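As structure tokens, the structure follows; a few thoughts come after it.
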Amino acid sequence: MTHILHLDASPRGDRSISRTLSKEFINEWKVAHPNDIITYRDIGHYPVPFVSEDWIAAAFTPSDQHTPELAAAIQISDELIDEFLAADRYVFSIPMYNFSIPANFKAYLDQIVRVGRTFSVDETGYKGLVHNRKMTIIMAQGGAYPEGSPTHAYDLQTPYLKLIFGFIGITDIEFVYADSLNMGDEARNLAIANAQSALKAAIAH
């Protein structure tokens with residue numbers, strides 16, 4: 001039995017392509033795998049807080065030494081990390097903003113990428129602590145940034161997500177792109193159809 005953490009980052013509702021695609025994927029997954037567990041988090045409509053000074057102090061202070069203020073500051077991080085670690089597969093839908101990820105998703109990453117919980121550091125360097133997970137990332141992009149194209153360097157989204165999730169130990173990542181969304185109806189419709197096909201294939205793996 002698989003436990004999926006399904007996360008949407010778009011602030012849009014029904015007009016969101018990334019949300020629509022992730023919902024289609026999850027609905028089809030439930031049909032194919034009715035006994036699996038799905039946990040849903042919507043940071044697009046319910047964003048997590050940014051890191052604060054008290055949060056930093058709490059993250060680098062042993063929990064048995066936390067004041068009530070420090071414990072309160074780090075509570076959401078503990079909850080998000082527990083939720084993240086409970087899953088063994090992830091389906092994240094993330095729109096591209098200014099060639100990178102939205103601020104709400106960066107805030108989420110800052111809450112879950114935490115020393116002692118999802119990575120460790122010693123005299124030999126950094127070590128990811130999250131292993132044997134699979135991740136599907138659905139990305140909605142107004143343009144197209146394929147490898148080898150003149151616009152490829154503008155995609156700061158893909159390399160950053162590979163780096164940050166690889167940093168905590170997750171390297172089995174499939175990226176599904178709904179790109180070209182602002183490049184006319186024909187390109188848009190083709191991109192969405194291609195993304196839907198890729199997601200259907202991902203259900204079988």
(request) Give, in nm to one decimal, the length gained when the segment between H3 and I56 is fully stretched (0.36 nm per residue of separation minus the Cα-Cα distance). (result) 16.1 nm
(request) Mind counting lysine pairs for me in the range 56-205? Cα separation below 18 Å, and the two need to be 8 or more apart along the chain or on different chains. (result) 4
(request) Determine the principal axes of the Cα atoms in the range 33-99, then give the extent along each, sorted from largest to smallest and rounded to whole angstroms. (result) 44, 37, 18
(request) Please figure out what share of the DSSP beta bridges in the range 63-187 is antiparallel and state it in percent, rounded to the nearest 5. (result) 25
(request) Count neighbours as other Cβ atoms within 10 Å of each site's Cβ, and list the GluC sites (Glu not before Pro) in the range 83-168 that are DSSP loop with at most 13 such neighbours. (result) E123, E147
(message) What do you get for the angle between helix 157-167 and the principal long axis of the chain? Use alpha-carbon atoms, 0 to 90 degrees, nearest ten.
(response) 40
(message) Probe radius 1.4 Å, ligands and nucleic acids ignored: give me the carbon and sulfur share of the accessible area of the range 115-205 as a rounded percent.
(response) 56
(message) Which three numbers, in whole Å and largest first, are the semi-axes of the equivalent ellipsoid of the chain derived from its Cα gyration tensor as √(5λ)?
(response) 31, 19, 17
(request) Write down the accessible area per residue of the chain in Å², having rolled a 1.4 Å probe over the full set of protein chains. (result) 52
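The values are calculated or read from the model by the stated rules, or taken from the named source; none is laboratory data. Since this is a predicted model, take the numbers as computed values, not measurements. When we count neighbours, we look across all protein chains shown, and the Cβ atoms used for this are built from the backbone with ideal geometry, even at glycine. Heavy atoms of the whole protein, side chains included, go into the accessibility calculation; ligands, DNA and RNA do not. Shrake-Rupley method; radii C 1.70, N 1.55, O 1.52, S 1.80 Å.
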